[in-house]
Amino acid sequence: MAEVATRKLLENDKVIVWELLLEPGESTGVHRHEMSYIIHVIEGSTLRATDGNGENPAEVTLEADDTYFFEVSDGIATSGRLRTTATHDAMNVGSGRYREIMVELK
């Protein structure tokens with residue numbers, strides 16, 4: 001299973017901070033979120049998320065400066081109107097690069 005993002009920037013006893021960078025057509029690989037997390041979008045694009053089996057595709061466009069808190073509970077990650085399985089893959093299906101900073105809360 002893949003890591004939750006591209007590069008780990010910091011880890012301590014409270015948080016793990018990640019950078020996620022996806023060029024158009026790139027995918028995160030199937031990964032699982034064990035902890036609730038915050039994302040802050042640096043460069044927006046459209047992402048297609050699928051569950052851990054590559055099924056149930058859903059597209060969402062995330063804009064630069066969007067910030068979301070995802071609560072992970074019972075295998076589901078939810079932030080307001082956004083909902084995905086905690087085990088998923090995300091592909092950049094937009095025309096531009098996607099970049100975010102993610103903070104996992106321990």
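Numerical summary
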| item | result |
| --- | --- |
| Entry for Cα extents along the principal axes in Å (calculated from the structure that is shown) out of (1) 81, 42, 15; (2) 37, 27, 27; (3) 46, 25, 21 | (2) |
| Computed E for Ala2/Ala64 - FRET, C-beta separation, R0 25 angstrom, nearest 0.05 | 0.55 |
| For the chain, size of Cβ-based charge dipole, Lys and Arg +1, Asp and Glu -1, in debye | 60 debye |
| Spacing of the two label points (7 Å from each Cα toward its C-beta) at Asp13 and Ser95, in nm | 5.0 nm |
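Readers should treat all values here as calculations from the given coordinates under stated rules, not as data from a laboratory. Being a predicted model, the structure only gives us computed values, none of them experimental. Glycine gets a Cβ as well: all are built from the backbone with ideal geometry, and neighbour counts include every protein chain shown.
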